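Colleague: First the structure, then my questions, so here it is.
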There are 2 protein chains.
Amino acid sequence: MTATKPYHHGELRPALVAAANAIIRESGIEKLSMRRLADQVGVSRTAPYHHFKDKNALLCAIAEMGFEEQNQMTREILDDPEDNNNEAVFARWVRAYIRFAHENPETYDLMFGREIWKGGTPTPSLQAISKTSFRLWVDLVAKMQQRGVLPGSHSALRTAQASWAALHGMARLLIDGIYVQREDLEEIAETVVDLLTRTTPDSH
Amino acid sequence: MTATKPYHHGELRPALVAAANAIIRESGIEKLSMRRLADQVGVSRTAPYHHFKDKNALLCAIAEMGFEEQNQMTREILDDPEDNNNEAVFARWVRAYIRFAHENPETYDLMFGREIWKGGTPTPSLQAISKTSFRLWVDLVAKMQQRGVLPGSHSALRTAQASWAALHGMARLLIDGIYVQREDLEEIAETVVDLLTRTTPDSH
DNA sequence: AATTGAAACTTGACGCTGTCAAGTTTGGTC
DNA sequence: GACCAAACTTGACAGCGTCAAGTTTCAATT
């Protein structure tokens, strides 16, 4: 084993992302600083700037990973071969979405929060993947409309926007802990699903 | 006019709040610093600390004002004497909520955002007024349930939590500008209202 | 095998931040 | 007129993002 640490780290970029993820997971985004991060990985303060233009760029990279994970999750549900059960798919997705937000609150904040989308400047690639992510959601909504699980009274896009807003609001409720006891969240999610999926009286 | 500025400002606290509000309105929360604020008002860096324990306390005070404004808005709609029109009240409230978020995005962020509720420590008085605010919302939801505008399938509390999540999600959509063109927002709001207010088939 | 150029990394510095400690000025009360 | 508490100031410290200039290393060309 090479005891003397080499000048070149060799795997700095992935190491940085991993360490950054660990920090935000354990201490929150506000505790993540470029200097602390560099320290943790064992390089000098400015070394990270050779792999990320900005702190913003670093945060975007983390958010991007979050979208990748979430998209994969969505695709699994969308492409489930033995998806005979019309009703359950939508509820399953909602549960999965909330679970993701619950298990990765800080990443979720980066993905959808002010830090990047308002304060900072989302990377082109981040914009791209978030767009893809939403498109997947629209697809799923359209499918649910065809099945009569979601009402077809508005376009798939509008319905997707409206229902995603509901989901996002719940995630925020969960993460920020306002207006809600954490134990109640599951029941609230159920309520949201019920409110959204009540098909119109003209079913048949 | 007293040309030589006196040692005691006399109205520092309100002046600070006003200046802080102006700063966040024009430049966003991230541009608000205690030093810049003090500078703007014309006092030394640490003068504000005699009126606010913390930066956090200052932010809480601003958020509190936001809740006061919003609560007054809610009460006006709740207590409207000539409220004959069952349907419209709910939609009106939703529009008002979204308008508030649209016109005071930075204040809205403070009221419900991470900065205070996760990062910082909400003042007791802020907690109190936000609780009041939510209670008003539950009251309105209960009223709407009695009128059959909102479904009574779940308790007023759950329904309020779920529907508020939808509203909050829309506000975030609007403010952060993700997944949505600003012009579409009105139509999306309408969609949300439609989704929530479709009364169940068992109306009578 | 030596040279060269780019990439990875370091140290130093600047201006910004929140806030603590200690000192100064002021207005009101006994 | 003395005194005290409140309002306010200056100085200081540690931390932040990041730019500029220097050093080390690796890999490819000659």
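The values are calculated or read from the model by the stated rules, or taken from the named source; none is laboratory data. Keep in mind the model is a prediction, meaning the values are calculated, not measured. Cβ placement follows ideal geometry from the backbone for every residue including glycine, while neighbour counts extend to all protein chains displayed. Note: areas computed on protein heavy atoms with side chains; ligands, DNA, RNA excluded. Shrake-Rupley method; radii C 1.70, N 1.55, O 1.52, S 1.80 Å.
Colleague: I'd like the full set of residues that are surrounded by 15 or more Cβ atoms within 10 Å (Cβ to Cβ) and of a type outside the set (A, V, I, L, M), limited to region A:103-118.
Modeller: Across region A:103-118, the qualifying residues are A:ASN104, A:PRO105, A:GLU106, A:THR107, A:TYR108, A:ASP109, A:PHE112, A:GLY113, A:ARG114, A:GLU115, A:TRP117, A:LYS118.
Colleague: Tell me yes or no: at least one residue of region A:37-55 is within 14 Å of another protein chain (Cβ to nearest Cβ) and either within 14 Å of DNA strand C (Cβ to nearest atom) or under 26 Å from A:VAL94 (Cα atoms) (or both).
Modeller: Scanning region A:37-55, I find at least one residue that is within 14 Å of another protein chain (Cβ to nearest Cβ) and either within 14 Å of DNA strand C (Cβ to nearest atom) or under 26 Å from A:VAL94 (Cα atoms) (or both), so the answer is yes.
Colleague: Between residues in region B:46-69 that are touching a residue at least 40 places away in the same chain (Cβ under 8 Å) and closer than 19 Å to B:PHE112 by Cα and residues that are open to solvent by 30 Å² or more (accessible area, probe 1.4 Å) and in a helix (DSSP H, G or I), which pairs lie under 7 Å by C-beta distance while being six or more apart or on different chains?
Modeller: Correct list of pairs: B:LEU59/B:GLU115; B:ILE62/B:ASN21; B:GLU64/B:SER125.
Colleague: Hey, another quick one. Does A:MET73 meet the test of being within 16 Å of DNA strand D (Cβ to nearest atom) and touching a helix residue (DSSP H, G or I) at 6+ places or on another chain (Cβ under 8 Å)?
Modeller: For A:MET73, the condition - within 16 Å of DNA strand D (Cβ to nearest atom) and touching a helix residue (DSSP H, G or I) at 6+ places or on another chain (Cβ under 8 Å) - is not met.
Colleague: For B:VAL138, state whether it is open to solvent by less than 20 Å² (accessible area, probe 1.4 Å) and under 27 Å from B:SER155 (Cα atoms).
Modeller: Considered against the rule, which asks whether it is open to solvent by less than 20 Å² (accessible area, probe 1.4 Å) and under 27 Å from B:SER155 (Cα atoms), B:VAL138 comes out as no.
Colleague: Which one of the conditions (1) in contact (Cβ under 8 Å) with a residue 40 or more places away in the chain; (2) more than 14 Å from chain B (Cβ to nearest Cβ); (3) within 16 Å of DNA strand C (Cβ to nearest atom) does A:ALA15 fail to meet, given that it meets all the rest?
Modeller: Every condition holds for A:ALA15 apart from (1).
Colleague: Any residue in region A:49-61 that is within 10 Å of DNA strand D (Cβ to nearest atom), in a loop (DSSP other than H, G, I, E, B) and among the hydroxyl-bearing types (Ser, Thr, Tyr)?
Modeller: The answer is no, given that none of the residues of region A:49-61 is within 10 Å of DNA strand D (Cβ to nearest atom), in a loop (DSSP other than H, G, I, E, B) and among the hydroxyl-bearing types (Ser, Thr, Tyr).
Colleague: Take B:LYS131 and decide whether it is touching a helix residue (DSSP H, G or I) at 6+ places or on another chain (Cβ under 7 Å) and surrounded by fewer than 20 Cβ atoms within 10 Å (Cβ to Cβ).
Modeller: no
Colleague: On to the next question. Enumerate the helices (runs of 4 or more DSSP H) found wholly within region A:86-204, keeping only those where 1 or more residues are at the interface with chain B (Cβ under 8 Å from one of its Cβ atoms) and out of contact with any Leu (no Cβ under 9 Å at 6 or more places or on another chain).
Modeller: A:105-112, A:124-146, A:156-176, A:185-197
Colleague: Any residue at all in region B:38-47 that is exposed (fewer than 11 other Cβ atoms within 10 Å of the Cβ), β-branched (Val, Ile, Thr) and at pLDDT 95 or above?
Modeller: Yes: one or more hits.
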